[in-house]
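Notes follow the structure.
The values are calculated or read from the model by the stated rules, or taken from the named source; none is laboratory data. Please read these numbers as outputs of a predicted model, since none were measured by experiment. Backbone-built Cβ (ideal geometry, glycine too); neighbour counts: all protein chains shown. Accessible surface areas use protein heavy atoms only, side chains included; no ligands, DNA or RNA. Shrake-Rupley method; radii C 1.70, N 1.55, O 1.52, S 1.80 Å.
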Amino acid sequence: MSIPQELYPSQDDLPYEEELLRNPFSLKLWWRYLVARTDSPHTKRFTIYERALKALPGSYKLWYAFLRERLELVRPLPITHREYQKLNNTFERALVTMHKMPRIWIMYLLTLTEQKLVTKTRRTFDRALCSLPVTQHDRVWDPYLVFVSQRGVPIETSLRVYRRYLKYDPSHIEDFIEFLVNSGLWQEAAERLAGVLNDDRFYSIKGKTKHKLWLELCDLLVHHADVVSGLNVDAIIRGGIRKFTDEVGRLWTALADYYIRRDLTEKARDVFEEGMTTVVTVRDFSVIFDAYAQFEETVLLVKMEEVSEDELDEGEGNGEEDEEDDDDEDDRLHVAKIERKLKRFWLSDDKEVELRMARVEYLLDRRPELANSVLLRQNPHNVEQWHRRVKLFEGNPTKQILTYTEAVRTVDPMKAVGKPHTLWVAFAKLYEDHKDVVNARVIFDKAVQVNYKTVDNLASVWCEWAEMELRHKNFKGALELMRRATAEPSVEVKRRDFIEYALFAVKDQMTESSWAVLGIKVLVAADGNEPVQIKLHKSLRLWAFYVDLEESLGTLESTRAVYESILDLRIATPQIIINYAMLLEEHKYFEDAFKVYERGVKIFKYPHVKDIWVTYLSKFVKRYGKSKLERARELFEHAVEVTPAESVKPLYLQYAKLEEDYGLAKRAMKVYDQSTKAVPPHEKLSMYEIYIARAAEIFGVPRTREIYEQAIESGLPDKDVKTMCMKYAELEKSLGEIDRARGVFIYASQFADPRSDPDIWNKWNDFEVNHGNEDTFREMLRIKRSVSASYSQTHFILPEYLMQKDKQPNLDEAMDALKKAGVPEDEMAALEKQLLPDAGKTATKDSNRKVVGFVSAGVESQTEGGLKVAANHEDIELPEESDSEDDERVEIAQKDVPSAVFGGLVRKREEGDNNDGNGDDSAATKDTDDGARLGALERIKRQRRGAMV
């Protein structure tokens, strides 16, 4: 066999060949030779590899490189190419010496897997597992499992491989189960999954919980119920229902679906019914009910389709009787139809469709009842749900009675949500509505023996029983019931109830030798946990109903006895006191009624006694009027003495009205005066207004001056002081007392900031314009500047929290807060008080007059004696409407500024002085005539201008 020419060594190969001849077993020389011939054809390189491996058959490096190059060569070729066979032969030769090398095995196995050689690949995998140590088997099993999971590999082969793998690593059973599910092997998948769930030591490597695996098993059993056998599906799912409470609805539906798939429809209905009657959540109930309704609708639809097919078959059969057809296909169809009819012949029924429709309607009609049962299973002591259940059976008295019976047996009054006594009342009302009063009385008699949680519940039952007797005209029976209910139990009854209560309390812990514990329980009950029947005789509701009955049906003596019993038990309310007194008053027992009022005002305190006092006093005054005036005064004095300030105003007004109508006006004024000191500060103003109005009406307007002064000095809030001052000033002005009115304005000005409260200043300004003169007007402006400066300084020293309260804080409140905090008044106000001129000095000449409001600020002034006050060089800004700034500036210019500054103005003034006096006289006459018609402000301005000239 001739060797191709390209395989012979070339001239470039001679150095490598010579070295190899000298040392053919050197791996380094062979590798250098291969590296040098990287670009040579693969046939030549393969020849070099073969020669090298013949010399070094145990070299892993040469074998791995050789196999890699062969793999690269066959990669673009189809798997049927002959090069694949050469590659496989090369792998087999390599494994003769490389059978312990896992990488060579894996390369070979992956190549065989791509070639789809199932048998050879399987056997090679087995050889690899036999050759490699166990510690390296995990590198083989991964591609082995990928291989057996491919399509085309027989299922039996895959199963055997997986079973062998689970012996090597049982933790990967989830992969096996997944393979079984994907392969459609439901039986073995279910068995394996059940085995996993029964193994307490199993740990999922995929992070699945037992709950999730269990749900997967349920789905597998349900969806393939016709294939899986050997497992108790019913027991498995029911066990899950008991264990996994959050999936109850889904599991009941799954169990029913299992029986549906096995064509056991009646068993499926039983499962649905059992599920709806055992679940305790509305969500689970909705899941089961919807599945049940869908199942019934599907069954009905299938049956209707079968009936339609049967009718169609009968029609076709009638038409075929007239024709003779020997076609084999038609015969087969005919035979199939006959067989289908015979198959269900014994099950067929003409009314089955109607039966199934009725079953669907019945199920839908039962939904409210079933949903209510679910809510009652959640809490069987929910009273409202029992009432709703009774309403569901409206029109069916039998079921309503059974429901009420079950309700009163089930509901524990100590655990009830709602009012358990309403069940007994409604139960008795049901019998009453059906004209069975005897049984209604029996129900009420049992109801009053129940140990309710509160006394009010038991009292309501007694009241309802009595009202039923009243509706049936049994008045004596109603009164007798109330007497029984309000009677205090005897000592024997109390002891018996205590023992029964104690037995009930310890019935679960009771043993033959626990009588000592029983005694302890009885003592505990006697301390305050006794049955409500023991405390029923102190129920106010029961007594109120009883006294209403006595007023309507009994006598005056019996009614008074009931009222006295209520008072003796100390359970009366102010309304009961008033009702008792009015009852006596209706029957002309006036003194007895007043005694009841006296008892009421002794029993109750404010605010509960307020209505009693008001009614008592009004009734007493109306009854006796002037005849018992001293007694009425004593009552009023006692009433206002015990009444708090917030509620005393109506009593004082009523007291003053008494004195005005039947007593002395002087005493009425004294009462009003007392009331102004007793009422709270926010009501003082209204009380003073009433006081002033009544004094003016009785004694005349001049007598109100003292009241105004008292009100202003009584400590009213600043805003009320300002209001009172304005009214006082209006009064003095109306009486012609201008000086007194001006004094009131001066006093009120200290409470009003000109910038935030201009009302007082505007009124004062109007007052001075109409009634004042130049001095009084200037005094008002001075006070205005002084007050403004005082409030400015107050702003400066206000605490931060007061300044941030509002953008424009209430200065009255701020000043009150500063006074309470102990902050002294500003120095300017103190100095003004010291330098305030006497009243006799107000009419002095302008040149000798000082502006009092600015003395403390140090404005430079000069008296006739030449004495000077310390100067303050800061400018003082005066209001725009004031002309005093201009006047003062002119005076300062005449006295302090040299005449050279004015220039020609001085000469003009001198020329005017040299003129004859006729012009002055005429001007003066004109000014005098005009001044008679001008206001005070305009006269002041003109006089100033004349002085300047």
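The table for this structure:
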{"quantity": "Apportionment of accessible area to carbon and sulfur, the range 155-239, percent (1.4 Å)", "calculated": "50 percent"}
{"quantity": "Theoretical gain in end-to-end length, Arg164 to Leu553 [0.36 nm per residue, Cα-Cα removed]", "calculated": "130.1 nm"}
{"quantity": "Relative contact order, percent, the range 221-292 [alpha-carbon distance under 8 Å, six or more residues apart]", "calculated": "32 percent"}
{"quantity": "Which of Cys218, Cys130 is most accessible, then next, and so on - probe 1.4 Å", "calculated": "Cys130, Cys218"}
{"quantity": "Residue-level accessible surface for Leu363, protein heavy atoms, 1.4 Å, Å²", "calculated": "10 Å²"}
{"quantity": "Percentage relative contact order, the range 612-689, counting C-alpha pairs under 8 Å, at least six apart", "calculated": "25 percent"}
{"quantity": "In nm, spacing of pseudo-spin labels at Thr38 and Arg541 (7 Å Cα→C-beta vector)", "calculated": "10.4 nm"}
{"quantity": "Heavy-atom accessible area per residue - the range 668-730, 1.4 Å, Å²", "calculated": "45 Å²"}
{"quantity": "Point-to-point label distance, Lys473-Gln294, nm (Cα→Cβ direction, 7 Å offset)", "calculated": "6.3 nm"}
{"quantity": "Exposure of Ile155 as accessible area (Å², to 10), given a probe of 1.4 Å and all protein chains", "calculated": "80 Å²"}
{"quantity": "Over the range 5-224, relative contact order from alpha-carbon pairs under 8 Å, at least 6 apart, %", "calculated": "10 percent"}
{"quantity": "Per residue solvent-accessible surface (Å²) - the range 157-271, probe of 1.4 Å", "calculated": "52 Å²"}
{"quantity": "Placed amide H near Asn382: partners under 5 Å, 5+ positions off or other chain", "calculated": "Val417"}
{"quantity": "Accessible surface, 1.4 Å probe, highest first, among residues Val96, Val383", "calculated": "Val96, Val383"}
{"quantity": "Surface share of carbon and sulfur [accessible, 1.4 angstrom probe, percent] for the range 555-689", "calculated": "53 percent"}
{"quantity": "Length gained when the stretch Leu402-Arg139 is fully extended (0.36 nm per residue, less Cα-Cα span)", "calculated": "87.3 nm"}
{"quantity": "Förster-model FRET efficiency, 22 Å R0, Lys763 and Arg703, C-beta, rounded to 0.05", "calculated": "0.35"}
{"quantity": "Of Lys649/Lys670; Lys619/Lys657; Lys677/Lys733; Lys733/Lys763; Lys649/Lys684; Lys602/Lys626, those spanning more than 18 Å from alpha-carbon to alpha-carbon", "calculated": "Lys677/Lys733; Lys602/Lys626"}
{"quantity": "Where trypsin sites (Lys or Arg not before Pro) fall in DSSP loop in the range 205-265, at most 16 other Cβ within 10 Å", "calculated": "Lys206, Lys208, Arg262"}
{"quantity": "Cα-based equivalent ellipsoid of the range 725-795: semi-axis lengths in Å, sorted from largest, via gyration tensor", "calculated": "21, 13, 9"}
{"quantity": "Accessible surface ranking that places the most exposed of Val621, Val609 first, with a 1.4 angstrom probe", "calculated": "Val621, Val609"}
{"quantity": "Two-site label geometry, Val642 and Lys666: point separation in nm, points 7 Å out along Cα→Cβ", "calculated": "3.1 nm"}
{"quantity": "Cα Rg over Rh - the range 122-273, Kirkwood", "calculated": "1.07"}
{"quantity": "Rounded accessible area of His587 (nearest 10 Å², 1.4 Å probe)", "calculated": "90 Å²"}
{"quantity": "Difference of contour (0.36 nm per residue) and Cα-Cα distance, Lys243 to Ala693", "calculated": "153.4 nm"}
